[in-house]
Amino acid sequence: MSISQAVETTGDGSRSEFRRGVASCAPVLFGTIPYALVLGAQATQKGLSVVELPVMTGLNFAGGSEFAAIQLWTSPPHIVLVVAITFLVNSRHLLMGAALAPFLRHLPRRKMFPALFFLCDESWALGLADARQRAAAGVTPAFSPRYYMGAALAMYLTWVAFTTTGALLGPMLGDVETYGFDMAFPAVFLVLMRGMWKGVAAARPWLASLVVAALAYLFIPGAWYVAAGAVSGLVSAWLMAGDA
Amino acid sequence: MIDPATLLTIVLMAGITYLTRIGGYVVLRNRVLSARATAVMEAAPGCVLISVIAPAFVSRHPADLLALAITFAAATRLSMLPTVLIGVASAGLLRHFIG
């Protein structure tokens, strides 16, 4: 990554720090665009309007949970299910925020709470890696808020703009299943899971989720298979953590 | 054109998501989580994602299962964009030729 080079040339100017954040996020943005287009196109298939989708991606701004919500979307939506699944997919933010907290002590709260709205996998990873490198290089304060906001806002604008573009283009494509576009969901989710991979032992709860969710899907009507699978995985993670 | 039920769902989603973003900072910053709690939180996103796509693993259509196997293999070694392209292309082509 270019973070190490960027740290060496760190300027004190706030504008250059912001720009450095945008630049370090650029490679990630190219990977995000197709993913955003697919989400937008799928959302219109599920009946969300071109107005409703950007409201979702702009207020929620957490791609994994939006994919899960769209996959489960019905008209009218199953509110409790969608919100619970959103919480479970995004529960990783709790750990991410805790990991970032030691670097945020010098920031006033009125800046903290708006900045945390833009916490996503990418802005967190870039911000934390940059803070660790600056700390190692003896730069204080280690965390650069403008660098973080540069990366985070680039990500935010790209996400909202391209999910909306996907929603505008979606109806022109017709039924996406006939082309195989629905396979984008398993593809996206499997790549996300590979990013979370921490060895076979840590992945055993995922297998429990898969088996229970598949059985529930086959034998229980409705969308309960997601809740059944997720809860089974969490319970097995709880039980298996005792073995180690 | 915003449906009230849709808007309510979105606002609740956004609220709970924002709570996860500030929760780690506000609640967990001065605490050491137990090994079990950490294991559960680390496993949670993967458990949800695999549960959402579980129906694809028990599809009744051979073309879909074959496409999923190809997508799975791609996901283990390629990045997001090529994996999505391979997944979509294999599903589209296999459905066309096998049905």
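The values are calculated or read from the model by the stated rules, or taken from the named source; none is laboratory data. Since this is a predicted model, take the numbers as computed values, not measurements. Glycine also receives a Cβ, built like all others from the backbone with ideal geometry; neighbour counts cover every protein chain displayed.
In the stretch A:218-225, is there at least one residue being of a type outside the set (A, V, I, L, M, F, W, C) and part of a loop (DSSP other than H, G, I, E, B)? Scanning the stretch A:218-225 turns up at least one residue that is of a type outside the set (A, V, I, L, M, F, W, C) and part of a loop (DSSP other than H, G, I, E, B). Looking at the stretch A:174-186, can you tell me whether even one residue there is among the charged types (D, E, K, R) and surrounded by 18 or more Cβ atoms within 10 Å (Cβ to Cβ)? Within the stretch A:174-186 (the criterion being among the charged types (D, E, K, R) and surrounded by 18 or more Cβ atoms within 10 Å (Cβ to Cβ)), the answer is yes, since at least one residue qualifies.
Hey, can you tell me all the residues within the stretch A:103-118 that are assigned to a helix (DSSP H, G or I) and facing another protein chain (nearest Cβ under 8 Å)? The answer is A:Met112, A:Phe113, A:Leu116, A:Phe117. A count restricted to the stretch A:197-236 and to residues that are touching a residue at least 24 places away in the same chain (Cβ under 8 Å) and either facing chain B (nearest Cβ under 7 Å) or in contact with a strand residue (DSSP E or B) (Cβ under 8 Å, 6 or more places away or on another chain) (or both) stands at 7. The residue pairs whose first member lies in the stretch A:122-142 and is farther than 23 Å from A:Ile33 by Cβ and outside the structural domain of A:Leu104 (by TED's automatic domain parsing), whose second member is among the aliphatic types (A, V, I, L, M) and in a helix (DSSP H, G or I), and whose beta carbons are closer than 6 Å, counting only pairs six or more residues apart or on different chains, do not exist in this structure. Look at the stretch B:18-32: where a residue is at the interface with chain A (Cβ under 7 Å from one of its Cβ atoms) and closer than 14 Å to A:Pro114 by Cα and a partner is part of a helix (DSSP H, G or I) and not hydrophobic (A, V, I, L, M, F, W, C), sitting 6+ places away or on another chain with Cβ atoms under 7 Å, you get B:Thr20/A:Asn90; B:Thr20/A:His93; B:Arg21/A:His93; B:Arg21/A:Gly97; B:Ile22/A:Gly97; B:Gly23/A:Gly97; B:Tyr25/A:Gly97. Screening A:Val191 against (1) assigned by TED's automatic domain parsing to the domain that holds A:Val80; (2) under 30 Å from A:Arg20 (Cβ atoms); (3) not basic (Lys, Arg) leaves a single unmet condition, (1). Where helices (runs of 4 or more DSSP H) fall entirely within the stretch A:33-102, those with at least 2 residues that are touching a residue at least 60 places away in the same chain (Cβ under 8 Å) and within 7 Å of chain B (Cβ to nearest Cβ) are at A:63-72, A:79-90.
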